Structure formats: C-alpha cells, structure tokens
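Report on the following structure.
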Amino acid sequence: MALFDSLLDPADNETVAAVALAVAGAERDLHGAIQAHYEALGVEPPDDRPPVDARVEQLRRLVRHHVEGDLWGYFLAEAAPEGLERPEEVRAFAGLDDDAWADRLDALADAAPEGAGGTARERADTVVRSRFGVDLETFETQVVDWRPERTLRRAIRGPIDDDVERLRAATDAIEHSK
C-alpha cells in the first residue's frame, strides 16, 4: 500500500492490520484459556467468540471511525443496544449532562399519550419505548451516558475485560467452595 493510500484510509494500513491481528489473537488465546478453565471446573464454558478475522475487521472499523471523528457511528453499528431505533433522533440525547437530561426527561414525560399515568419517569419510559425501541434505563445508560472514550475503551478492551470478569467469577466460586 502506498503512503498516500494509507493516509486516505488508515484502517487499511498494514501496521493497523498487524496490530489488530495481534490483539485479536491475544483475545482468542485468553478466551480459550478461560473456556478450558471453566471446563476443568465442570462449569459451562462461555460461548466461542467470532473468528479472529471478524475481530480484526471490527478493530479496523474502529480505527476508521475514530480517525473520521465518528465514534458515535461506530457505537451505532457495533455496540448500540438491541432494538434501538431512530438513530438520527437518538443522537440529540447522546452524552447529555445531568441538567440537560433532566429537562429532556421532563419533555419526554410531557409527550406521553393522554391518560398515561404514573410518575414522570414512567411516562417518559412509555415515550422512549415507543419512539426509540428501548426502555428508559437502557436509554439512559447506553445513550444519555454515552461518551466517546467509553465507546473506544469498550471496543478495544471489551473482550479482554469480559474474560477477566469470567476469571474473577471462577476464582470467587473456587474460594467459596472451600
């Protein structure tokens, strides 16, 4: 690949590909060790992960979105909660501070259908579910509390963090069975 081409699309850079392959390979090895540990304990092992080449492509997409300044787009494509609808409208809620979210929450509650009872949060939940396809709690934790740094961290470290938590859970189970 020519230097100019790698500047146009850094995700296709050979160095990025090599690093992505190394990361995906390390994740695969760690996950395999966790699965073997669970099997040795007589516990159902965690599911297999997608193939290494799929993870490499995911990391390359992450680089592309990051370089383009579009981690929100990456979040929508790779990490958004299942069922999330109307991403163009949802973007207006992403990363709101507490005061702005409180104002928007009140507006959502006020937009509840005539006769919708309950608290303001319950009315807002009704509107969020019908408009955006997820419950209010999911909307708050995944969209309102969205931060580019969290998306980046989860995209890079997510599989490793998941396996570290599985190892901690297995260790805890062993310690409590003594």
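The values are calculated or read from the model by the stated rules, or taken from the named source; none is laboratory data. All values derive from a computational prediction rather than experimental measurement. Using ideal geometry, Cβ is built from the backbone for each residue, glycine included, and neighbour counts are taken over all protein chains shown.
Could you please give the count of residues in region 143-178 that are more than 30 Å from ALA40 (Cβ to Cβ) and buried (at least 18 other Cβ atoms within 10 Å of the Cβ)?
Within region 143-178, the subset more than 30 Å from ALA40 (Cβ to Cβ) is 143-153, 155.
Retained after the next criterion (residues that are buried (at least 18 other Cβ atoms within 10 Å of the Cβ)): 143-144, 146, 151, 155.
Residues that pass the stated criteria total 5.
Based on this model, can you work out whether GLU44 counts as assigned by the TED database to the domain that holds LEU152 and either exposed (fewer than 15 other Cβ atoms within 10 Å of the Cβ) or touching a residue at least 24 places away in the same chain (Cβ under 8 Å) (or both)? Judged against the criteria, GLU44 is a match.
Name the pairs: first residue in region 157-177 and of a type outside the set (Ser, Thr, Tyr), second residue at pLDDT 95 or above and loosely packed, with under 12 Cβ neighbours inside 10 Å, Cβ to Cβ under 7 Å, at least 6 apart or on different chains? Partner pairs satisfying both residue conditions: none exist.
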